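Working notes for the structure below.
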Amino acid sequence: MRLIGSFEDPGYVALADAAMAFFDRRTDLQRSGVAFSFGSDGDPGTRAAGAAGDPGKISTDISLVWIDRSDPEAQGLADVIMRGVSAGLKRYLAERPLFLTCCPERSLFVNPIFNLQRYAPGEGFYSWHCDWNTSDEATEPIRRVLAWILYLNTVPDGGTEFHWQEHHEEAVKGKLAIFPASLSHLHRGRVSQTHTKTIATGWINAGTLDAYVARLAAG
């Protein structure tokens, strides 16, 4: 569990409250969840919940893009999340100084595209998965080094299971979990049959935010 970091403080609790209120209020932005995973034919890509075969994940999502200024309320929340996760990343790396030394480009940044996800009772990310893959997608999955989850509410026995580590990270309101995106940390959501779970989640990539934004702008 040494590479599974978790951080709790009052600021994250306040952020969880703000994100929950935003999710409840902005029904116009809610969409059926999408699993960025391997399809049944073994090819990487995206697969919508409810597709033929095992959907892997069933949720209701709101996508946030920090660099998109078209919706001031959404951008304001995205900005607070970016700053909060970036502060958590700084703490994670301070506890593991060798991690950044051995990281490609010796630089990491919070990807500015991330999601709010709500799982109704019985819903979840059922499949074992990792957050690294080779698909050609805007968040550059091949450059993902870490993933993060901010739990927006407390869910008894409804957190995140890590396969190889035989570890369950409990879903506690205001807890930020950071962990490797690689195959070494296969994980899945623990499904509650009685409680709704809401999280914010995204990735931490190798490189710099400025270089990433420049690549997006270049198309």
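Quick note: the coordinates plus some simple rules give every number you see, no bench work behind them. What you see is a predicted model, and the numbers here were worked out from it, not measured in a lab. Cβ coordinates were reconstructed from backbone atoms using ideal geometry, including for glycine residues, and neighbour counts include every protein chain displayed.
Below are the figures for this structure:
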item	result
Using a Förster distance of 22 Å, the FRET efficiency for GLU170-THR196 (Cβ separation, nearest 0.05)	0.85
Built amide H within the under 5 Å cut-off of THR154, gap 5+	LYS173
Extended-chain gain in nm, criterion 0.36 nm per residue less alpha-carbon gap, GLN75 and CYS103	7.1 nm
Residues ARG215 and ASP9, FRET efficiency given R0 of 25 Å [Cβ-Cβ distance, rounded to 0.05]	0.15
Dipole magnitude (debye, nearest 20) for the chain, charges at Cβ of Lys, Arg, Asp, Glu	320
Distance between modelled label sites at ALA18 and SER184, nm, 7 Å Cα→Cβ extension	3.3
Taking the range 5-218 and dividing mean pair separation by its residue count, relative contact order in percent (alpha carbons under 8 Å, at least six apart)	26
With at most 16 other Cβ atoms within 10 Å, longest stretch of the chain clear of loop trypsin sites (Lys or Arg not before Pro) (DSSP)	70-219
Contour excess over end-to-end distance, with Cα ends at ARG96 and ARG31 and 0.36 nm allotted per residue	19.7 nm
Loop GluC sites (Glu not before Pro), the range 106-200 (other Cβ atoms within 10 Å of the site Cβ: 13 or fewer; DSSP)	GLU166
10 Å Cβ shell holding at most 14 others, DSSP loop, chymotrypsin sites (Phe, Trp or Tyr not before Pro): longest site-free stretch of the chain	1-127
